[in-house]
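Before any comments, here is the structure.
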Amino acid sequence: MSEFLLKPRICFGQDALSVLNELSARSVLLVTDQAMVKFGLAERVTALLRQRGIAWQVWDDVVADPDIATVVRGMKLMDNHYPDLVIALGGGSVIDAAKAVIFSLAQTRPLADRPRPCFVAIPTTSGTGSEVTAFSVVKANAEKLVLVDASLLPDIAILDPALVASVPPAITADTGMDVLCHALEAYVSRAASDFSDALAEKVVQQVFRYLPTCWRSGDNLQAREKMHNASCMAGMAFTNASLGITHSLAHALGGVFRVPHGRANALLMAHVVAWNADYHGLCDTDAARKYARLAHLLDLPAATTRQGVTSLLVAIQALKDEMNMPAGIRDTGVLADEFEQRLAEMIGQALRDSCTPTNPRAPDAHALTELYRRAWTGNAVQGH
């Protein structure tokens, strides 16, 4: 028996933020970061609360890749002023931090008179899909830990394209490639289903069609809305089907060398596609056939499985090139000797990562070493 879970109520499109006016609450905890305060987005939320006379407190020191100390700070704040509504406003790190705080407090201090608060997630990047997933990534020392629990799912997701219009091009590129990676990995996952496949196929089409426009013209609200919806649909796909080793390798690379998550995925993605497809071998795996199907859906040459996989690899590379993304890990400021020195540590982390078991092809340390080495220089299509 399999299952497909649909949880948050999703409010999307222009002016979606106004749904906050419908929610009843006595006390609100707004989880956000300094950027959201600086750009006035936090004020857009607190203004709605102020108009309705709702008391709130702001926790705004969440940083990228939140660690356990950050989560503990949030737990103390929430424990002292327990809210009946938690609003997370920000990118994946902010939403993940809010999830980890709510979850950890419920686990460690379960008090009978404190029901779980209503949880609203408002993403301000089109990337992680965290607003609809049962996943939260928290950093412990140099390792990213992936929490997976159904209780991490928000109750309401608000997708307002106006909140992503000001995201700068480099972050638009990083987060947009994360969306593509979520769809590609969910699509070939061992836990994929008709339901997750339908979402993943649509996501891949929307990313290739709208991400370059978002990168070039950030104020194009139609393209922004399409990418914001794609990010959410990709989250719906992977929270059900899980992910694969692009994410495992990217979590380790990001944990050890602080490469932004979406960029790490972009650097590794094509190499993993080629390996899952056995591109340098017979190119006759189930994953290869699914990748070729995606190429066909993108109207790219796919008369044979190998041609389809080649088309997809070329399209991924072209998308990266169009957005001036780094070709290889060596182009991100990581030093060669440090990379070599910490390679075994990263491979150990990737093998332990909770995204690894659903990869369509089971990796060993040798395979992951080879993938990191190929991603060091870049260009997955070499040799064919």
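When you scan the range 301-321, how many residues do you find that are outside any helix (DSSP H, G or I), of a type in the set (A, V, I, L, M, F, W, C) and surrounded by fewer than 20 Cβ atoms within 10 Å (Cβ to Cβ)?
Counting residues in the range 301-321 that are outside any helix (DSSP H, G or I), of a type in the set (A, V, I, L, M, F, W, C) and surrounded by fewer than 20 Cβ atoms within 10 Å (Cβ to Cβ) gives 1.
For the range 96-149, enumerate the residues that are without any contact (Cβ under 8 Å) to a residue 40 or more places away in the chain and under 23 Å from Ser18 (Cβ atoms).
Answer for the range 96-149, where residues must be without any contact (Cβ under 8 Å) to a residue 40 or more places away in the chain and under 23 Å from Ser18 (Cβ atoms): just Phe119.
Of everything in the range 314-330, what is in contact (Cβ under 8 Å) with a residue 40 or more places away in the chain and either in contact with a strand residue (DSSP E or B) (Cβ under 9 Å, 6 or more places away or on another chain) or small (Gly, Ala, Ser) (or both)? Give them in sequence order.
Initially, the range 314-330 is screened for residues in contact (Cβ under 8 Å) with a residue 40 or more places away in the chain, giving 314-317, 319-320, 322-330.
Result: Ala315, Ala327, Gly328.
Starting from the range 1-12, keep only residues that are closer than 16 Å to Ala191 by Cα, then list their pairs with residues that are surrounded by 12 or more Cβ atoms within 10 Å (Cβ to Cβ) and of a type outside the set (Val, Ile, Thr) whose Cβ atoms are within a distance under 7 Å, requiring at least 6 positions of separation or different chains.
Close Cβ pairs satisfying both conditions: Ser2/Ser193; Phe4/Ser193; Phe4/Phe195; Phe4/Asn240; Leu5/Asn240.
Just to be sure before I move on: is Ser231 of a type outside the set (Phe, Trp, Tyr) and in contact with a Cys (Cβ under 8 Å, 6 or more places away or on another chain) in the structure I sent?
On the way: of a type outside the set (Phe, Trp, Tyr): yes; in contact with a Cys (Cβ under 8 Å, 6 or more places away or on another chain): no.
So Ser231 fails the test.
Does the range 29-52 hold any residues that are touching a Ser or Thr at 6+ places or on another chain (Cβ under 8 Å) and of a type in the set (D, E, K, R), and which are they?
The answer is Asp33, and nothing else.
If a residue must be part of a loop (DSSP other than H, G, I, E, B) and either of a type in the set (Val, Ile, Thr) or surrounded by 14 or more Cβ atoms within 10 Å (Cβ to Cβ) (or both), how many such residues does the range 322-363 contain? Please lay out each step first, then the result.
Narrowing the range 322-363 to residues part of a loop (DSSP other than H, G, I, E, B): 323-328, 333-335, 353-355, 359-363.
If we keep only those that are either of a type in the set (Val, Ile, Thr) or surrounded by 14 or more Cβ atoms within 10 Å (Cβ to Cβ) (or both) as well, we get 323, 325-328, 334, 353-355, 359-361, 363.
Going through the range 322-363 one residue at a time, the tally reaches 13.
Yes/no per residue for (1) out of contact with any Ser or Thr (no Cβ under 6 Å at 6 or more places or on another chain); (2) part of a helix (DSSP H, G or I); (3) crowded, with 21+ Cβ neighbours inside 10 Å; (4) not assigned by TED's automatic domain parsing to the domain that holds Asn324:
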| site | (1), (2), (3), (4) |
| --- | --- |
| Cys181 | no, yes, yes, no |
| Ala191 | no, no, no, no |
| Ala200 | yes, yes, yes, no |
| Gln205 | yes, yes, no, no |
| Tyr210 | yes, yes, yes, no |
| Phe238 | yes, yes, yes, no |
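Do we have Arg26 as free of Cβ contacts under 8 Å to residues at least 60 places away in the same chain, out of contact with any Leu (no Cβ under 9 Å at 6 or more places or on another chain), of a type in the set (Lys, Arg) and outside the structural domain of Gly254 (by TED's automatic domain parsing) here?
Details: free of Cβ contacts under 8 Å to residues at least 60 places away in the same chain: yes; out of contact with any Leu (no Cβ under 9 Å at 6 or more places or on another chain): no; of a type in the set (Lys, Arg): yes; outside the structural domain of Gly254 (by TED's automatic domain parsing): yes.
Considered against the rule, which asks whether it is free of Cβ contacts under 8 Å to residues at least 60 places away in the same chain, out of contact with any Leu (no Cβ under 9 Å at 6 or more places or on another chain), of a type in the set (Lys, Arg) and outside the structural domain of Gly254 (by TED's automatic domain parsing), Arg26 comes out as no.
Going through the range 261-292 one residue at a time, which ones are assigned to a loop (DSSP other than H, G, I, E, B), of a type outside the set (S, T, N, Q) and out of contact with any Gly (no Cβ under 7 Å at 6 or more places or on another chain)? Step through it out loud before you land on a result.
Pass one, the range 261-292, residues assigned to a loop (DSSP other than H, G, I, E, B): 277-285.
Next, only the ones that are of a type outside the set (S, T, N, Q) stay: 277-284.
Matches in the range 261-292: Ala277, Asp278, Tyr279, Gly281, Leu282, Cys283, Asp284.
Can you tell me how many residues within the range 212-236 are in contact with a Ser or Thr (Cβ under 6 Å, 6 or more places away or on another chain) and in contact (Cβ under 8 Å) with a residue 60 or more places away in the chain? Give the steps one after another, and end with the answer.
So in the range 212-236, the residues in contact with a Ser or Thr (Cβ under 6 Å, 6 or more places away or on another chain) come out as 214-215, 220, 223, 227-228, 231, 235.
If we keep only those that are in contact (Cβ under 8 Å) with a residue 60 or more places away in the chain as well, we get 214-215, 227-228, 231, 235.
Total satisfying the criteria: 6.
Every residue, every condition in (1) within 23 Å of Val146 (Cβ to Cβ); (2) under 20 Å from the mean Cα position of the chain (by Cα), yes or no:
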| site | (1), (2) |
| --- | --- |
| Glu22 | no, no |
| Gln57 | no, no |
| Asp60 | no, no |
| Ala64 | yes, yes |
| Asp67 | yes, yes |
| Arg73 | yes, no |
| Ile95 | yes, yes |
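Could you check the range 251-292 and list, in sequence order, the residues that are free of Cβ contacts under 8 Å to residues at least 24 places away in the same chain, over 15 Å from Gln307 (Cβ atoms) and either surrounded by fewer than 24 Cβ atoms within 10 Å (Cβ to Cβ) or over 18 Å from the mean Cα position of the chain (by Cα) (or both)?
Start the filter on the range 251-292 by keeping residues that are free of Cβ contacts under 8 Å to residues at least 24 places away in the same chain, which leaves 264, 281-282, 284, 288-289, 292.
Now narrow it down to the ones that are over 15 Å from Gln307 (Cβ atoms): 264, 281.
If the condition is that a residue be free of Cβ contacts under 8 Å to residues at least 24 places away in the same chain, over 15 Å from Gln307 (Cβ atoms) and either surrounded by fewer than 24 Cβ atoms within 10 Å (Cβ to Cβ) or over 18 Å from the mean Cα position of the chain (by Cα) (or both), then Gly281 is the only one that fits.
Within the range 102-140, work out how many residues are among the hydrophobic types (A, V, I, L, M, F, W, C), closer than 27 Å to Asn229 by Cβ and either not assigned by TED's automatic domain parsing to the domain that holds Pro154 or not in a strand (DSSP E or B) (or both).
Total meeting the criteria: 4.
The values are calculated or read from the model by the stated rules, or taken from the named source; none is laboratory data. Bear in mind the structure is a predicted one, so any value in this text is a computation, not a measurement. So basically every Cβ, Gly included, is an ideal-geometry build from the backbone, and we count neighbours across all protein chains shown.
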